[in-house]
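Take a look at the structure set out below.
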Amino acid sequence: MKEPILTKNAPQPIGPYNQAIKYENMLFVSGQIPLNPENGKLVESGIIDETTQVMKNIEAILDESNMSFNDIVKTTIFLKDMGNFSDVNTEYGKSFEDLVPPARETVEVSKLPLNVNVEISCIAIKK
């Protein structure tokens, strides 16, 4: 049976979806954007800070699900500008230091929710 995951430590959904869905030992995390859940404002101080906030949002959802970055098996990164790839890749990679990084694709898109520069979704499996 699927279980919706909702934590106040990550941005609340802005549409008809959940932050994540847990099904048995799998977690499907919706795309996270650089929205600070503490003040409800977008982080707009540069792509590195934006990526940091996205990863914090993912971590909060993982924590709520009793999972960690070590449980992530697949991520998808959406970028408004592939010119930001290197900075996003570096900041994203910090969450997987000393871990086996997940499978991933990174794609450039024309527009993202709230006109942000980066959005990341993932799938995690608890062993």
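Can you pull out the chymotrypsin sites (Phe, Trp or Tyr not before Pro) in the range 17-111 that DSSP calls coil and that have at most 15 other Cβ atoms within 10 Å?
Y17
Can you tell me what the convex hull of the Cα atoms of the range 1-79 projects to on average, as an area in nm²?
Reported value for the Cα convex hull: 5.4 nm².
Counting other Cβ atoms within 10 Å, which GluC sites (Glu not before Pro) in the range 70-127 have at most 10 and lie in a DSSP loop?
Loop-located and lightly packed - E97.
Within the chain, how many Lys pairs that are eight or more residues apart, or on different chains, come under 23 Å at the alpha-carbon?
Number of lysine pairs found: 29.
Which value at 222 nm does the chain reach when only helices count, each DSSP H run of 4 or more adding -39,500 (n - 2.57), with the total divided by all residues and rounded to the nearest 500 deg cm²/dmol?
Calculated mean residue ellipticity at 222 nm is -7000 deg cm²/dmol.
Where a number appears in this text, it was derived from the coordinates with a stated rule and is not lab data. Just so we're clear, the structure is a prediction, and the values are computed from it rather than from any experiment. Positions of Cβ are generated from backbone atoms using ideal geometry, with glycine treated the same way; all protein chains shown enter the neighbour counts.
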